[in-house]
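To start, the structure itself, in structure tokens.
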Amino acid sequence: MFGRLLLLETVGVVVNEHNKLRINLKENSYDIIIEHGLLSNLGALISEKFGKPKIFIVTDNNISVHWLEQTIESFSAQGVSPKVLEVPVGESTKSFINLEKIIDQLLESKVDRNSLLIALGGGVIGDLTGFAGAVTLRGIKVIQVPTTLLSQVDSSVGGKTGINVRQGKNLVGSFYQPSLVAVDTQVLKTLPQRQLFAGYAEVVKYGLIKDCSFFEWLELNGKKVLEGDKLAQQFAIFTSCRIKAEIVEADEKEQNLRAILNFGHTFGHALEVEAGYDGNLLHGEAVSIGMVMAIELSKNLGHLSGQDAGRAIEYIRSIGLPTNINSIEGSTSWNPDGLIQHMQHDKKVSNGQLRFVLIKGIGEAYLTADVEKKQVYNVIEKSLSGDL
Ligand code: GLY
């Protein structure tokens, strides 16, 4: 398949082959459309699919300065004028206060059951808007228009929505599937490099958990994705979404299989809690370091060959992603016990038992609760010393 893809790339056919996916969830099924320049056609696309209901766009200043005008123009061309609700930039925006503000403005503007709520932004905007859509009038349609690589390959797909509360991240929310995911790869041009790399960690994740041939493709083409090659980006996003769609279709509410999407996240979340969500450590960076730790743990448990572990870690390092905890600013004062404690507070802990997503080969993830604390401790210690 990938050999064929490379051939097609040379004649430019790949764009048509890899720009549309369907996620099949019975009455909650929807399309994911991936196109360079899609924002300038968003109005037409939405009119074609949903007619001309009232449109509300939730966004933040990071994205509105670059992309809001052309998005609005695409609606004006259809004779539609969307109402824009701008929220502050940053993780703390995912709060009850902002949720209430959005709902208040929707109701004041006479939102109705046919209205469409568009989330134009990264994961924060997508999660908050998705949740507002889930609860306003007991559910109005939400269109995800993700603008970071991370949200394009992960958070905009699969229906997880929610906000953060005092007790932790994403602890209040719902599974609420969008009615469409519209991905414009062009917006990656204005995404800061560091964010692009952080999102790329989630792309690598898909290869590691479920698709060895995709991992091989990334080994060959990953640099192109990071350098802004349109076709490579489109294919990487398409394949990531395809893999995520397969997993979500099999286990929408994360009873079991969907948990493999959290590869690297049990370690990663502990790092994020310790770092304090202030921008010092991006989610994707935490996932990158967490994946390396999960790979090492898989190897130490005898489930993964040294050769596969070495290959996977070497790729993550060579592409320029962080691999060790000691690369995080301020981590010199961190210790394994503190990090293990954070892991125990993760919402994915079941009956007090830590659960890990590990791999037994590249592309073969599995879930286990059968890991001794000492093994976890050893991996954390190694990463703290910068030896991974
Ligand atoms: N980001 C993990 C999931 O959607 O399940």
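The values are calculated or read from the model by the stated rules, or taken from the named source; none is laboratory data. Here the structure is a predicted model, which means the values were calculated and not measured. With ideal geometry, Cβ positions are generated from the backbone for all residues, glycine too; neighbour counts draw on all protein chains shown. Ligands, DNA and RNA are stripped out before the accessible areas are found, and what is left, the full protein with its side chains, is counted by its heavy atoms. Shrake-Rupley method; radii C 1.70, N 1.55, O 1.52, S 1.80 Å.
Across the range 159-178, what is the total count of residues that are at pLDDT 95 or above, within 12 Å of the ligand (Cβ to nearest atom) and not in a loop (DSSP other than H, G, I, E, B)?
Here the count works out to 5.
Collect the residues in the range 284-326 that are buried (at least 16 other Cβ atoms within 10 Å of the Cβ) and among the hydroxyl-bearing types (Ser, Thr, Tyr), keeping them in residue-number order.
SER288, SER298, TYR315, THR323
Considering only the range 118-158, how many residues are part of a strand (DSSP E or B) and within 14 Å of the ligand (Cβ to nearest atom)?
2
Taking the range 39-54 only, how many residues are hydrophobic (A, V, I, L, M, F, W, C) and open to solvent by 10 Å² or more (accessible area, probe 1.4 Å)?
Residues that pass the stated criteria total 3.
Which residue out of LYS223, LYS210 is touching an Asp or Glu at 6+ places or on another chain (Cβ under 9 Å), more than 16 Å from the ligand (Cβ to nearest atom) and among the basic types (Lys, Arg)?
LYS223
Could you give me the residue pairs with C-beta distances under 8 Å whose first residue belongs to the range 24-43 and is under 10 Å from ALA245 (Cα atoms) and of a type in the set (S, T, N, Q), whose second residue is open to solvent by 10 Å² or more (accessible area, probe 1.4 Å) and at pLDDT 95 or above wherever it lies, and which are 6+ apart or on separate chains?
From the range 24-43, the pairs are ASN24/GLU249.
Can you tell me how many residues in the range 338-386 are part of a loop (DSSP other than H, G, I, E, B) and modelled with pLDDT of 95 or more?
Selection size over the range 338-386: 7.
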